[in-house]
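Chemist: Please read through the structure below; I'll follow up with questions.
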Amino acid sequence: MKKVSIKDIARKTGVSITTVSIVLNGNGPDRKISGEMIEKIQKVAKELNYSPNQFAKGLRTGKTNTLGLIVDDISNFFFGNISKTVEEEANKYGYTVMFCSSQNDEGKSRDVLSALIGKQMDGYIIAPTDSMLPEIRELEKGGTPYVLIDRFFPDLNASSVTLDNYKGAYDSVAHLVKQGYSKIAIITSDTEQIQHQERLEGYKASLRKYKIPFYPDCVKKIPFKYSSQKVLKEIEDFIRDKGDIDSVLFTSNNLGIIGLEALRRLKKRVGVDLGVICFDDNNLFRLSSPAITVISQPIKGIGKNAVKILLEQIQKKKKEPQKVVLTPSLVIRESTPEKRKS
C-alpha cells in the first residue's frame with residue numbers, strides 16, 4: 001500500500017505543499033494561516049491516515065517526537081507495567097516510545113544506551129545499571145534530556161523518579177516484629193545499585209529500632225548474573241542452612257517468585273513455618289495461597305512522573321533537576337500472620 005505523502009494532502013485540499021507542511025508541523029497560526037484552512041488540512045490528513053516521516057521531520061525541526069526507554073527486563077511485571085504507563089502517557093502528548101531491555105547486563109546496558117543515543121531521540125527514561133554512568137555523563141554534557149527511574153547515582157545531580165526503598169524495608173521488618181517474628185532474614189541482590197543498598201539499610205535500621213539482633217549470616221546476597229536455576233539453589237541452600245529463621249524479606253519480585261518455589265521444594269509452609277514479605281507486587285503474589293504480603297510500588301506514579309519531568313526538560317520548562325521520591329505501601333496479606341507461640 002502506497003504511503004500517503006504531503007503532496008497527496010496538498011492535492012486533495014487544493015493548497016501548496018508548503019502550506020500543508022507548515023500546518024502539519026504545528027506552525028499554522030504563526031504563519032497566519034486561517035483556522036478554517038488548518039482544520040481542513042488536518043481533517044484530510046486524518047482521512048488519508050497520513051503518518052509523518054519522523055526521521056525527515058527530525059532533520060528539519062531537530063525533534064523526532066520519540067522517547068527512549070531502557071529497563072532491566074520488559075517482561076518483568078514491575079518494568080513491564082512501568083513501560084506500559086510511559087507509553088500511554090507519552091502518546092497523550094504525541095510521542096512514541098522505543099523500548100529496550102538491558103537484562104541488567106553491564107556490557108549490554110551500555111550498548112543499548114549508545115544505540116538509542118544514535119537514534120537521535122528527544123529524550124530518555126533510564127533504569128540504569130552501574131556501568132552506564134559514563135554514557136549518562138555524556139548525555140549530561142550534551143544537554144540531552146533524560147530521567148532516571150527506580151535507581152540513581154548519588155554523585156550525579158540528575159532528574160530521577162524513585163521509591164523510598166529505606167521506608168519500604170523498614171516498614172516490612174516493623175510489621176514482622178509486631179507479628180511476633182524475631183529471626184528475620186533478607187534475600188537481596190549482590191549489587192551496588194542504590195535501591196538494593198537502601199533496602200538493606202532499612203532492614204538493619206528497623207531491627208535496631210525494635211532491638212532485634214542483626215545477624216550478618218541472615219543476609220543472603222545473590223549475583224544478578226545467576227541463572228534462575230542457580231538462584232533457586234542458592235535460596236534453597238540458604239533457607240535449609242538457616243533452619244532457625246522464622247521469616248524472610250525478598251527485595252525484588254524476581255527473587256520472591258523463585259523464593260516461593262524454593263520454599264515449596266523444601267516443604268516449608270508459607271505463613272506457618274516462615275513469614276514472607278516481598279518487594280513489588282504482582283498477580284502471583286496476590287493470587288497465591290496463602291497470598292503474599294508485599295511492599296507495593298506506585299508503578300503508575302513512577303511512569304507518569306518520569307514522562308512529565310522528561311517533557312518539561314524537552315520543552316525547556318524546567319532547568320534544574322527534579323528528584324521525585326514516592327512512598328511505598330505495605331499490603332498485608334496471609335503470608336505474615338501473627339506468629340504462633342511455640
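The values are calculated or read from the model by the stated rules, or taken from the named source; none is laboratory data. Note that this is a predicted model, so its numbers are computed, not measured. Note: ideal-geometry Cβ built from the backbone for every residue, glycine included; neighbour counts use all protein chains shown.
Chemist: Would you confirm, using the coordinates I've provided, whether Leu207 is surrounded by 20 or more Cβ atoms within 10 Å (Cβ to Cβ) and over 30 Å from Leu156 (Cβ atoms)?
Modeler: yes
Chemist: With (1) out of contact with any Gly (no Cβ under 8 Å at 6 or more places or on another chain); (2) under 23 Å from Pro328 (Cα atoms); (3) in contact (Cβ under 8 Å) with a residue 40 or more places away in the chain; (4) surrounded by 19 or more Cβ atoms within 10 Å (Cβ to Cβ) as the list, and Glu192 as the residue in question, which single condition is left unmet?
Modeler: Result: Glu192 fails condition (4) only.
Chemist: Can I ask one more? Name every residue in the range 63-89 that is charged (D, E, K, R), crowded, with 18+ Cβ neighbours inside 10 Å and within 19 Å of Ser296 (Cβ to Cβ), in order of residue number.
Modeler: Asp72
Chemist: Working only within the range 319-342, note down all residues that are closer than 30 Å to Asn65 by Cβ and either among the β-branched types (Val, Ile, Thr) or touching a residue at least 12 places away in the same chain (Cβ under 8 Å) (or both).
Modeler: Of everything in the range 319-342, those that are closer than 30 Å to Asn65 by Cβ and either among the β-branched types (Val, Ile, Thr) or touching a residue at least 12 places away in the same chain (Cβ under 8 Å) (or both) turn out to be Pro321, Gln322, Lys323, Val324, Val325, Leu326.
Chemist: In the range 1-52, what count of residues is obtained for those that are outside any loop (DSSP other than H, G, I, E, B), within 25 Å of Thr64 (Cβ to Cβ) and among the polar types (S, T, N, Q)?
Modeler: 4
Chemist: Are there any strands (runs of 3 or more DSSP E) wholly within the range 277-342 with 2 or more residues that are surrounded by fewer than 17 Cβ atoms within 10 Å (Cβ to Cβ), and if so which?
Modeler: In the range 277-342, the matching strands (runs of 3 or more DSSP E) lie at 323-326, 329-331.
Chemist: Can you find, within the range 240-261, the residue that is modelled with the lowest pLDDT among those that are small (Gly, Ala, Ser) and within 19 Å of Tyr170 (Cβ to Cβ)?
Modeler: Ser252
This table checks each residue for (1) touching a helix residue (DSSP H, G or I) at 6+ places or on another chain (Cβ under 6 Å); (2) surrounded by fewer than 20 Cβ atoms within 10 Å (Cβ to Cβ).
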position	(1), (2)
His196	no, no
Tyr203	yes, no
Phe214	yes, yes
Lys221	no, yes
Leu232	yes, yes
Phe238	no, no
Asp244	no, yes
Phe250	yes, no
